[in-house]
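The values are calculated or read from the model by the stated rules, or taken from the named source; none is laboratory data. Everything numeric in this text was worked out from a predicted model, so none of it was measured. Glycine also receives a Cβ, built like all others from the backbone with ideal geometry; neighbour counts cover every protein chain displayed.
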Amino acid sequence: MKQLKKALAAVLAALTMVCCVSLCLCAFAEGDGDHAHDYKPVQVLAPTCTQPGLTRYICDCGDVDEWRDEEIPATGHNWGYWKTVKEATEEQEGLKERTCLNDPTHKDYKKIDKLEPDAIGGFLQKIIARIKAFFAKIMDFLYRD
């Protein structure tokens with residue numbers, strides 16, 4: 001009796017294995033007999049500067065082989081030239097900007113250091129300011145009513 005139970009268990013195990021293998025083969029079979037899939041790469045998502053894209057393999061019948069999906073690397077930024085947005089002065093820093101040529105909404109900024117004071121230039125500006133003030137007073141005096 002023990003041998004009969006062992007034999008039945010072995011037969012059931014073999015049948016279970018055959019059923020599992022046949023189900024797996026059916027699940028992974030490519031084609032239904034009349035049609036052999038011809039998967040072609042299709043870019044379904046374009047890469048951007050910061051995000052990767054996606055290539056998917058699709059058959060003309062519409063079947064998709066997701067196992068073969070390929071990630072397309074992000075392109076990265078392609079920066080243009082720096083442009084001065086605000087000139088630096090002796091009192092305030094300036095600002096430069098550059099724009100990504102792939103996506104103009106991506107911008108990069110850089111500070112411009114304050115200008116160093118110019119001793120001679122500052123002295124001359126003070127003299128010119130005083131001369132202008134002097135002539136303004138003379139003009140006021142001459143054209144008074």
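Okay, here's what the table says:
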quantity	calculated
Residues of the stretch 37-89 satisfying the condition of being surrounded by fewer than 13 Cβ atoms within 10 Å (Cβ to Cβ) and of a type in the set (Ser, Thr, Tyr)	Tyr81, Thr84, Thr89
Of all residues making up the stretch 99-138, the number that are of a type outside the set (Asp, Glu) and either in the same structural domain as Cys49 (by TED's automatic domain parsing) or closer than 30 Å to Gln51 by Cβ (or both)	11
Residues being polar (S, T, N, Q) and not in a loop (DSSP other than H, G, I, E, B) - total across the stretch 81-125	3
